[in-house]
Amino acid sequence: MDRLKKVLTYSSELRHIGMLNDLRYGLRSLRKSPGFAFLAIFALALGIGANTAIFSVVNGVLLRPLAYADPDRLVVILHGGTDPVSPDDYLDWRRQSRSFEQMGAAQVWSATLTGRDHAEELPGMQVSANLFSILGVPALRGRGFQEGEDKPAHAHVAVLSYGLWQRRFGGDPKIVGSAIDLNGESYSVTGVMPESFRFAPFWATNVEVWTPLLLDKRLNDRGGRSLRIFARLKKGVSLAQAQSENDVICRRIAEQYPATNKGMTAEVIPLREKVVANIRPTLLVLLGTVGFVLLIACSNVANLMLVRASGKKKETAVRLALGSSRWRLIRQSLTESLLLAVAGAAVATLLAGWGIAGLIASLPISSLPRLEEVGIDKSVLAFTSLIALATGVFCGLAPAMRASRTDLQEALKSGGRGSTEGRPEHRTRALLVIAEVALSLILLVGAGLMLRTFQHLQAVDPGFDPQHVLTLEVAARGTRFFEQLRPRLEALPGVESVSLINHLPISGDIWTLGVIVYGRPAPPPGEQPTAAFRVVQPGYFATMKIPIVRGRDFTAHDAADATPVTIVNEELAHHHWPSEDPLGQRIRLSAKWMTVVGVAKNVKQSDWIARPDDEIYLPHAQSSIGFSYMTVVMRTHGNPLALAKPVEQQVRSLDKNVPVAHVQSMEQVIADKLWRGRLATTLLGLFAGVAVALAGLGIYGAISYSVAQRTSEIGIRMVLGAQTGDVVRMILRQGMTVVGIGVAVGLAGAWTLTRTLAGMLYGVTATDPATFIAVSALLIALSAAACYLPALRASRVDTKIW
C-alpha cells in the first residue's frame, strides 16, 4: 500500500512538472512570435469582450432574479395585460380572489419638494399600505407603511428612495420622523428604502418618493383607470389557477356593470416577465450576434495557428523522431492556445467594462429595465472564464491534431523554399475561411435590415416639426402662474412662440375618456367610444407646427366662461363624421358638451408606428381637470437647449417653489422613443463591422500564406511565360472560389436566421432582396480586395533566381 501511494504521488508530481514545462514552452514559443501573439490576442479579445459585455446585460436584465423576496410568486394584474384598472375593479378582485396572499395597488404621482434651497419635482408613486409587505423588502431606515396609513386621517407619511435621501438630505441619520413639504403639505418620513431598491422596474422606474394611495374619494369609480395591481401568489397556487379564478371574477363584474366592464379581461402576468418581455428579443438577438463574432475570431486564430503549425513541420518531425509522444505535442499546442485565450479574456474584461459604461451612458434615462443591475460580477466572470476555456480548446485542437499527424519522412525531406502545404491543411484552412465569410454575411444582413428599419422609423411623420423645440415640465397648478410665465418666456431672445400641453405627444401618458356624440343613439353598455384627450393653451398647434386642416386654433377668447370648445384630430373626425362636416358638431367628454371648432392633423401618440387613436384637444382655461404639472413647448430660432437656463431662471423668478424638470429638445424626446431600434442598429452594425474586419484579415492571411507556400511554383510559371495578369487572376480565382462558397452558405443561413428579427423590423421584410444583394456585393468586394493584395505581391516574384 505504501509503495502504491509513493507511485501515485510520484505520478502526480510528474504531471505537475509536465504542466509547468508545457506552460514554459508555450510562453517561450509566444515570446518568439510577438506579431502572431498580438494578432491572436487582439482577435480573441474582441470576440470574448463583445460576449462578456452583452452577457453582462443579459445577466443583469433577463437572468438575475428580481431583488424582492421570493420573486417568482410576484405577479402584476392589468386589463388586457397592458392597461391600468379602476379602483372598484381592484377592490372587487381583492375581496373575491383566493389565489393570492396579498394584493396591492399603485399609481404614478408627481410631488414638488419645497422648503429647501430650491424646489424640485420628484417622480413619485402612491401605493397601498401593504405594497412594501407584498414585495418583502424592508426599509433601510425606519419602516414602510402600516395598515391604516392609506386612510385620510393618517396618510401624510412618506417613504424616500436612498438616492433622494442622500442628494437632498445629505444622508441625515435622523431623517426618519422628520417633516418634509410635498406639494405644499407636510409629510412625515417613515422610512428610507435600500440603495438597490427599484419599483416597479417595468413602469415608473425612477420613483424617488412613495406616499399612501387614498381611494376613499374614488369609491364606486369604474371609469378612472389609473391603478397597476401587484399581488403575491399563495404557495402551491399556479399562475394558471390564478388566471382561471380571475377570469371568473371578471365575467362576474362584467355582468354586474356592463356599462363599464363589458368584455373586460385581466391578465395575471409574472412580474419578471412584465419587466423583461419587451427587451428580451433584442438582447437575445445581440447575444446570438456576439456569439457569431466569437466564432469568427476563433476561426481566425485557428487559421493563424494552422499557418504557424505548418511552418514548424520540420521541428515537429524532429521532436517526434527523438521520441516525443503525439499526446505531448497536442498538449503543448493546446496549452499555447489556452494561454492566448486567457490573455484575450483578460483584455476582453477591460474592453467589456468600457463597453458597458459606454452603453449605459448612451441610453436614455429609465429606458432599459434593471439597467442599474448591469455590471461585471461573479456570474459574468465565470461566463468569461468558460468561453475563454472553450475558445482555447476550439482554436488549438485542430492545429494540434494536424501537427501531431506530421509525416516524418515528408517533413524531413522538405525544407527549401519550394515546400508546399498539404491538401488536408489547405482543406481545413479553406473551411475556416468559408465559415468566417458565411458568419460575416449573416451578421451584415442582420445589420443591414436593422439599418433600413431605423431609416424607416426616422422617416415616419410624427405630425409635427420637432426641430428647434424646447420642452420642459413645470410643476404648478391652475392657469394663473402660466398666464404670467408665458409672456416672460416669449420675451426671451431667440424665442419664436410658446405654449403649453399637459402631456407631450410621443413621450407623455395617454389619458382617455368616454365620448358621446350629440344626436347619435347611446351605444350599448361597454361599447362607448373613447378618445385620448390633451389640454393645451392657445398657440400650441402653431408652436409645434401641427396643421389645422379645418376650422381654427384656440384663442384667448376661449376662456373659462365662454362656450366650451374643442379641436379633434383627423382620426376622430373621420370616425364619427365620415361624410359630414365636423365643424360645429357637438361632443361630450366627461359631463361637458363642447363644440368642435377645428380639426388638427393626426399626431403620433404613445406608439411611433401605430395608427393614431381618436384624440381631443381642450383649452387649458376651460379644463376642469387639475394637473400637478404642465409641459412648456417653445419654438426657437436656434439651438433650443441654449435657452434651458434662462427659462429656468424665469420660472424661479416668478416662484422659487415651482420646480422645472425634464428639460429636453423635442428631437431628444423622439430619439428616446426610438432608443431600442437605435441600440440594436448600432450594436449589430458594430459587431458586423468587427466580424467583416476579422474575416477580411482571415482571407488576407490565408491567401498570403498560400502565396508564400507557392513561391517556387509561381516563379516557375512566370519563367515559362505566365504573365503578371495570369498570376493575379489565378490567385484571385482560387481565393474568390472559397469566398463564393462562403457567401452561398451565408445567404442560406441569413435567409433562415434573419426571420428571428421579424418582430424588430419596420418597413422591410426579414428576407428583403435588396439588403441581401447589397450586403453580398459589399462582402465580395471587400474579400476581393483582401485577395488582390497577396495576388499582386505574387505577380512580382523575382524570376531571376529560378
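Side notes on the structure shown:
- Of all accessible heavy-atom area on the chain, the percent that carbon and sulfur account for (1.4 Å): 58
- Ordering 500-506, 174-180 by mean Cβ neighbour count within 10 Å, with the highest value first, yields 500-506, 174-180.
- Candidate membrane-span-like segments in the chain, meaning DSSP H helices with Cα atoms spread over at least 15 Å of their own axis and a Kyte-Doolittle mean of 0.5 or above, are 34-58, 280-311, 326-362, 378-404, 423-458, 675-709, 724-753, 769-794, with no membrane implied.
- Close amide H pairs (under 5 Å, H built 1.01 Å from N) link Arg141 with Val192, residues at least 5 positions away or on another chain.
- Positive dipole terminus of the stretch 547-697, leading residue within Pro564, Ala688, Pro640 (C-beta point charges): Ala688
- Principal axes of the chain: Cα extent on each, largest first, Å: 106, 76, 54
- Each of the peptides 661-667, 167-173 was scored by the mean count of other Cβ atoms within 10 Å over its residues; in descending order, highest first, they stand as 661-667, 167-173.
- Whole-Å semi-axes of the ellipsoid equivalent to the stretch 524-601 (Cα gyration tensor, √5λ, descending): 21, 16, 12
- Computed about its Cα centre, the charge dipole of the chain is approximately 4040 debye, with only Lys, Arg, Asp and Glu carrying charge at their Cβ.
- Calculated on the alpha-carbon coordinates, the convex hull of the stretch 143-191 measures out at 76 cubic angstrom per residue.
- Pairwise Cα distances in the stretch 742-787 exceed 14 Å in 55 percent of cases.
- Proximal aspartates and glutamates to Lys645, defined as alpha-carbon separation beneath 16 angstrom and excluding residues fewer than eight positions away on the same chain: Glu120, Glu473, Glu490, Asp655
- Kirkwood estimate for the stretch 54-96, i.e. one over the average of 1/r between Cα atoms, Å: 13.1
- Computed per residue of the chain from DSSP H runs no shorter than four, each worth -39500 (n - 2.57), the mean residue ellipticity at 222 nm is -16500 deg cm²/dmol.
- Dipole of the chain computed with +1 at Lys/Arg Cβ and -1 at Asp/Glu Cβ about the Cα centre; of Gly448, Gln243, His574, farthest Cα towards the positive end is Gly448.
- Rounded to the nearest 10 square angstrom, Phe42 shows an accessible area of 100 square angstrom against a 1.4 Å probe.
- Placed amide H near Ala111: partners under 5 Å, 5+ positions off or other chain: Leu122, Gly124
- Solvent-accessible area per residue, Å², over the chain with all protein chains present [probe radius 1.4 Å]: 46
- Taking one quarter of the surface of the C-alpha convex hull of the stretch 447-541 gives a mean projected area of 11.1 nm².
- In the frame of its principal axes, the stretch 594-660 has Cα extents of 38, 31, 22 Å, reported largest first.
- Unsatisfied cross-links (Cα-Cα over 25 Å) in the set Lys174/Lys217; Lys151/Lys592; Lys217/Lys592; Lys545/Lys673; Lys234/Lys274; Lys151/Lys235: Lys174/Lys217; Lys151/Lys592; Lys151/Lys235
The values are calculated or read from the model by the stated rules, or taken from the named source; none is laboratory data. Not measured: the values here are computed from a predicted model. Glycine gets a Cβ as well: all are built from the backbone with ideal geometry, and neighbour counts include every protein chain shown. Note: areas computed on protein heavy atoms with side chains; ligands, DNA, RNA excluded. Shrake-Rupley method; radii C 1.70, N 1.55, O 1.52, S 1.80 Å.
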